[in-house]
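Notes follow the structure.
The values are calculated or read from the model by the stated rules, or taken from the named source; none is laboratory data. Here the structure is a predicted model, which means the values were calculated and not measured. With ideal geometry, Cβ positions are generated from the backbone for all residues, glycine too; neighbour counts draw on all protein chains shown.
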Amino acid sequence: MVEVDVQRCGSGELVVFHDDRLDRLTDASGSVRTTDWEVLEDLTVLDSEETIPRLSDLLAAVPDGTGVNVELKHGGIAEDVLSASDGVANDILFSSFSPTALSELREQDGDAELAFLFTDSPEISRSIATDLGCVAVHPDTRLVFETDIVGNAHDDGFEVNAWTVEDHETATRLVDEGVDGMFVNDWTVR
């Protein structure tokens, strides 16, 4: 499965970009939310020579059989995210740190597969995930090692996918803890 971060740009398109600001990942500066698509579409990401894609273009490029985790960076985009993913042959999991964004998705599509991302308060976060009808929880890796989130989440019927794993040793420890999946920035980390 691949994970992408989605937000609305200044002219209204849904773009795949992690940061709120352009400064760290491109040669431009400013907020993604206030920058129009006609500017964003020509920016390259770091030294990759790859440009910032719209969500619809990215989903069209993902090979059949490859799942996609679409992380909503903010609320107010559920209808457009669902529209962009409509008819896509891939399994799609929608995730967010924002209960509002997930609630909007749930209101639009009662069958959408949702996952709640969180950095703290595992008990409260599990409760939020339950209320939203999530199929998975995505805790910060630290919580897997410092709390009993994996066992409790499994007892609640959730898959547990930890983020972000930087090295093989951490990946091995997470497998030993019983996680179902993990987010990595480098596909060679296993």
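Figures for the structure shown
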| item | result |
| --- | --- |
| Some residue of the stretch 143-164 being free of Cβ contacts under 8 Å to residues at least 12 places away in the same chain, farther than 26 Å from Thr66 by Cβ and not charged (D, E, K, R) | no |
| Inter-residue pairs, beta-carbon under 7 Å, first closer than 11 Å to Asn152 by Cβ and in the stretch 110-129, second surrounded by fewer than 17 Cβ atoms within 10 Å (Cβ to Cβ), 6+ apart | Pro122/Thr147; Arg126/Asn152; Arg126/Asp156 |
| Looking only at the stretch 104-121, and only at residues there that are under 15 Å from the mean Cα position of the chain (by Cα) and not in a strand (DSSP E or B), the one that is nearest to His138 (Cα to Cα) | Thr119 |
| The stretch 46-69 residues that are in contact (Cβ under 8 Å) with a residue 24 or more places away in the chain, paired with ones that are surrounded by fewer than 10 Cβ atoms within 10 Å (Cβ to Cβ) and not hydroxyl-bearing (Ser, Thr, Tyr) (beta carbon under 8 Å, 6 or more apart) | Pro53/Ala61 |
| Selection count where residues are among the β-branched types (Val, Ile, Thr), in contact with a His (Cβ under 9 Å, 6 or more places away or on another chain), surrounded by 12 or more Cβ atoms within 10 Å (Cβ to Cβ) and not in a strand (DSSP E or B), scope the stretch 139-190 | 1 |
| Test result for Ala101, outside any loop (DSSP other than H, G, I, E, B), farther than 24 Å from Val15 by Cα and modelled with pLDDT of 95 or more | no |
| Criterion: closer than 24 Å to Leu102 by Cα and hydrophobic (A, V, I, L, M, F, W, C) - qualifying residue of Val45, Val39, Val68 | Val68 |
| Residues (under 21 Å from Ile77 (Cβ atoms), surrounded by fewer than 16 Cβ atoms within 10 Å (Cβ to Cβ) and among the small types (Gly, Ala, Ser)) located in the stretch 1-50 | Ser11, Gly12, Gly30, Ser31 |
| Positions within the stretch 1-44 being in contact (Cβ under 8 Å) with a residue 24 or more places away in the chain, more than 20 Å from Val81 (Cβ to Cβ) and assigned to a loop (DSSP other than H, G, I, E, B), in sequence order | Thr26 |
| The one condition in (1) part of a strand (DSSP E or B); (2) closer than 20 Å to Ala89 by Cα that Asp57 fails to fulfil | (1) |
| Test: residue in the stretch 72-90 that is free of Cβ contacts under 8 Å to residues at least 24 places away in the same chain and hydrophobic (A, V, I, L, M, F, W, C) | no |
| Residues of the stretch 63-89 satisfying the condition of being surrounded by fewer than 17 Cβ atoms within 10 Å (Cβ to Cβ) and in a loop (DSSP other than H, G, I, E, B) | Pro63, Asp64, Gly65, Thr66, Gly67, His74, Gly75, Gly76, Asp86, Gly87, Val88, Ala89 |
